[in-house]
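The values are calculated or read from the model by the stated rules, or taken from the named source; none is laboratory data. Quick caveat, the model's predicted, so the values are computed rather than measured. Backbone-built Cβ (ideal geometry, glycine too); neighbour counts: all protein chains shown. All accessible areas refer to the heavy atoms of the entire protein, side chains included, with ligands and DNA or RNA removed. Shrake-Rupley method; radii C 1.70, N 1.55, O 1.52, S 1.80 Å.
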Amino acid sequence: MNERLMIVDSDYNVRESLSNRLRKENFIVDCVATLKEASNNYTTYIHDFVITEIELPDGDGLEFVRKIKKLNPSAKIIVTTSYPSIASALKSLKLKVDDYIVKPFIYDEVMASLKQILRIQMEKEEIVKEKPQIKQSEKFISIIGESVEIKLLLEKIKKIANTPTNVVLLGETGTGKELFARAIHEASYRKKKPFVAINCASLPDNLLESELFGFVKGSFTGATFDKKGLLEIADGGTVFLDEIGDLPISLQAKLLRVIEDKEIRPLGSVTIKKVDLRFISATNKDLTEEIKKGNFREDLYFRLNVITLHIPSLRERVKDIEILAYHFMRKFAIKMGKDIKKIEPQTMQLLLKYSWPGNVRELQNVIEQSVVFSEYDSIKPEDLPEHIKTLERVMDKRKEIPVLSIEEYTKEFILKYQSFYTEQELADMLGITRKALWEKRKKWGITRTQ
């Protein structure tokens, strides 16, 4: 189960007995006695389940329920009371609590209530699984952040989402461009149609063309059956072209024709098929520079780049680092069955000082690794990767060195750590693919040391 649950009760014996019983059922349990403790604790961990007493020594437990519902509308809440009344029952009903239990209660009564709540939740999840078109309906919720930069970006997404306009997302590797593309799709009238993500840098030119346009039997050696292309599969929906700057020039002309004529022709076929598609493209390259170099078609650029959104790097949204770190900590602690409750202040200071060249993806990898290595109920500095643990010493040595650009930092990072880590580990730390790592080495003339 491994769900995180909070017990808020002024009675020590109730807290201890109930928490022991719940831990045997594999809940991760936090116990507090007052409204103040509950508010502080919930803001940090965002529990899945809460069992709270209404008559708390420093306030009304139902006001705490109101706060929970604002922070996490999907939280499951059981309220308990020693003084049942129609007024408190009606107030609880209005707040949509999951159960109202009168004290003194037997623990089997609480367990039965929790199991019923879990059963209803599982039934809802099964319905969602049977309807994949609405599975991503809460993608805005999954964009985590309280920074001004993220709030402004979400406001723009709300304005453009329900239009047919093509969009280009600009941002560094690891900033979550696909997540934002999905958010646009899910907020649009196309949300019940497919969202198809295509990485233009991950496949060789010949395979990419057949993946995009499909083929008919006999169109080339090995084509023993007809296959639909991704553009046809996405008909009516959204196509997300990641790393659009790496799309081969030969395919750029064909893509331009799809956008202009709204039709495709599979390889080897004489039949034209009409398609209705919205294109969201993403790149970490400067496409205007690529146009000057002859690597990208100007006419395609203007067709794709009707609206441009800049996805901020993690360095530009420092306020979100702590929020994201706790989100990932909770996610991986539950996944691995660990009772990790917090990130030590010294650890958080290191996370806040680090420049995050791999952005949110790198932060997620670092927190996952830290949860794996943590042997306590918190993430300590020693649980972090070596290059972040030694950050303070490195910073001391570099006091006289000018601030590095992201490209310069990435280059130094590769030079310094490539002899200590495997290719995959190094790429993960930087939040890039192994192919991108190879391309950066080639660009800078860096030779592998292992």
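Between [x] 1.03; [y] 1.52; [z] 1.01, which matches Rg/Rh (Cα atoms, Kirkwood Rh) calculated for the structure shown? Checked against the structure: label [x]. What you get for region 176-282, charging only the Cβ of Lys and Arg (+1) and of Asp and Glu (-1), is a dipole of about 460 debye around the Cα centre.
Per-atom-type breakdown for region 173-322 gives carbon and sulfur 50% of the accessible area (1.4 Å probe, protein chains only). When only the Cβ of Lys, Arg, Asp and Glu is charged (+1, +1, -1, -1), the dipole of the chain relative to its Cα centre reaches about 1120 debye. Using only Cα atoms, tell me the angle between helix 406-417 and the longest principal axis of the chain; keep it within 0 to 90° and round to the nearest 10. So the helix axis and the longest Cα principal axis differ by about 80 degrees. Each label point was placed 7 Å from the Cα along the Cα-to-Cβ direction; for I446 and K254 their separation is 3.4 nm.
Of the residues N41, I379, I144, the one whose Cα sits farthest towards the positive end of the charge dipole of the chain is I144 (charges of +1 on Lys and Arg Cβ, -1 on Asp and Glu Cβ, taken about the Cα centre).
Taking packing as the residue-averaged number of other Cβ atoms within 10 angstrom, the listed peptides 171-180, 89-98, 312-321 run from highest to lowest as 171-180, 312-321, 89-98.
Note on K192: lysines with a C-alpha under 17 Å away, same-chain residues under 8 apart excluded, are K129, K131, K135, K139.
Each semi-axis of the equivalent ellipsoid for region 28-127 is √(5λ) with λ an eigenvalue of the Cα gyration tensor; in descending order they amount to 20, 17, 14 Å.
Check cross-link reach from K96 to the aspartates and glutamates: straight Cα distance under 16 Å, and skip same-chain residues fewer than eight apart. Once the sequence-local aspartates and glutamates are set aside, what remains near K96 is D48, E53, E63.
The long axis of helix 319-336 is offset from the longest Cα principal axis of the chain by roughly 80 degrees. Tally Lys/Arg at +1 and Asp/Glu at -1 over every other residue whose Cβ is under 12 Å from the Cβ of F49; what's the total? That sum, taken over residues with Cβ under 12 Å, equals -3. Packing around the peptides 231-242, 287-298, taken as the average count of other Cβ atoms within 10 Å per residue, puts them in this order, highest first: 231-242, 287-298.
Taking packing as the residue-averaged number of other Cβ atoms within 10 angstrom, the listed peptides 53-64, 264-275 run from highest to lowest as 53-64, 264-275. Note on region 411-450: with neighbouring protein chains present and a 1.4 Å probe, carbon and sulfur make up 55 percent of its accessible heavy-atom surface. The convex hull around the C-alpha trace of region 196-296, projected and averaged over every direction, spans 6.4 square nanometres.
Rolling a 1.4 Å probe over the heavy atoms of the protein chains gives the chain an accessible area of 52 Å² per residue. Judged by the ratio a/c of the largest to the smallest principal axis of the C-alpha gyration tensor, region 292-345 counts as prolate, that ratio being 1.5 or greater while a/b is larger than b/c. Considering helices alone, the calculated mean residue ellipticity of the chain at 222 nm is -14500 deg cm²/dmol, with DSSP H runs of length four and up weighted by -39500 (n - 2.57) and normalised per residue. Site pair S202 and F225 shows an inter-label distance of 2.1 nm when each label is modelled 7 Å from Cα along Cα→Cβ.
Taking 21 Å as the limit for the C-alpha separation, the pairs K331/K380; K193/K274; K227/K254; K335/K416; K36/K69 exceed it in the case of K335/K416.
On the beta carbon distance between K319 and A89, with R0 = 41 Å, the FRET formula returns roughly 0.50.
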